[in-house]
Amino acid sequence: MKLTVRNKEMYIIDEGEGPALVFLHGSPFKGSMWINQLDYFKLSYRVIAPDFRGMGQSQDSKHPFSFEELAEDILALLDNLGIVQFVCCGLSMGGYVAFSLWRKAPERILAFILTNTRPDADTVEGQTKRLHTAGNLLEHGSNQLVEQMLPNLVAADTKKDNQKLVQDIQNMILSMDPAGLAHISLAMAFRESSIQDLSSISVPVLIVAGTEDPITPPDVMQRMADKIPDSQYVQIDKSAHLTPLEQPGWFNKQVKSFLKQMFQ
Ligand code: MLT
């Protein structure tokens, strides 16, 4: 459904009843990338998966924005839905938003599930690449990102055995608005580091890595877990950067037992 959030149309999936689980997608994706989690967890929880501004079916802002603004969008959305506290599950860029949420409203977070993400800011080399990507997106469209990203998104076994998933991921990227993606690239380039915030995270955190993830590799995620006081680290085989899509059964099992410690 579509809601007006901070004067812009935002598309969200909102299903089920119970404690709120908010799923924050990565880039260049949208809320429906969590379909395997939404279908599973909606039986016991209220699951919410927004499309960030400029992505999927949510309206773009027509100007560059920061991760702080993306976090404000999520908090305003949850106010609108009457949700005070929630479990926040973020993949990659969704994890960057999760860190901004912690800085803004720690009292609203019950727990984090952080998957295929990292706490550091971009290097100058990384920033330069993002600016280049933003220019290419505006000039040549979203297919730029298919060539650039697809080889790193999924594991070797997924490429070999799950062509349908690879095709679905490709279609999702191609369906994105290039201007929205350019804005996200700029936001990622200039996001602040969250490393200094890790030790202040005082809620339970589940960290899930994909053993073949070249974008947010297991050693980066393990180091992040080491800095968060109440964290549990797991890594899942035969998955790269899109662990919840590549290994949904394993991913859901880990999340289910993590949530069980809190809610049952
Ligand atoms: C994502 O999946 O959100 C991106 O790979 C994050 C990034 O490019 O830093």
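The values are calculated or read from the model by the stated rules, or taken from the named source; none is laboratory data. Predicted model only: the values in this text are computed from it and were never measured. Methodologically, a virtual Cβ is constructed for each residue, glycine included, from the backbone with ideal geometry; neighbour enumeration extends over all protein chains shown. In case anyone asks, the SASA skips ligands and DNA or RNA and just uses the protein heavy atoms, side chains included. Shrake-Rupley method; radii C 1.70, N 1.55, O 1.52, S 1.80 Å.
Points worth noting:
- Residue within the stretch 121-137 that is surrounded by fewer than 14 Cβ atoms within 10 Å (Cβ to Cβ), within 13 Å of the ligand (Cβ to nearest atom), under 20 Å from residue 220 (Cα atoms) and of a type in the set (S, T, N, Q) present: yes
- When residue 166 is tested against (1) aliphatic (A, V, I, L, M); (2) touching a residue at least 40 places away in the same chain (Cβ under 8 Å); (3) within 30 Å of residue 256 (Cα to Cα), just one condition goes unmet, and that condition is (2).
- For the stretch 225-254, a residue qualifies if it is part of a helix (DSSP H, G or I) and more than 14 Å from the ligand (Cβ to nearest atom), and the qualifying residues are 225, 226, 227, 248, 249, 250, 251, 252, 253, 254.
- Looking across the stretch 78-92 at every residue that is surrounded by fewer than 21 Cβ atoms within 10 Å (Cβ to Cβ) and closer than 23 Å to residue 9 by Cβ, the one that is farthest from the ligand (Cβ to nearest atom) is identified as 82.
- Note on the stretch 33-44: residues that are more than 15 Å from the ligand (Cβ to nearest atom) and either over 19 Å from residue 259 (Cβ atoms) or open to solvent by 10 Å² or more (accessible area, probe 1.4 Å) (or both) total 7.
- Of all residues in the stretch 246-262 being modelled with pLDDT of 95 or more and of a type in the set (S, T, N, Q), the one that is surrounded by the fewest Cβ atoms within 10 Å (Cβ to Cβ): 257
- Residue 148 being at pLDDT below 95 and open to solvent by less than 70 Å² (accessible area, probe 1.4 Å): no
- The stretch 93-120, residues that are of a type in the set (A, V, I, L, M, F, W, C), near the ligand (Cβ under 10 Å from one of its atoms) and assigned to a loop (DSSP other than H, G, I, E, B): none
- Failed item in (1) farther than 21 Å from residue 189 by Cβ; (2) modelled with pLDDT under 95, with residue 80 passing the rest: (2)
- Looking only at residues in the stretch 178-202 that are touching a helix residue (DSSP H, G or I) at 6+ places or on another chain (Cβ under 8 Å) and assigned to a loop (DSSP other than H, G, I, E, B), the one that is nearest to residue 140 (Cα to Cα) is 190.
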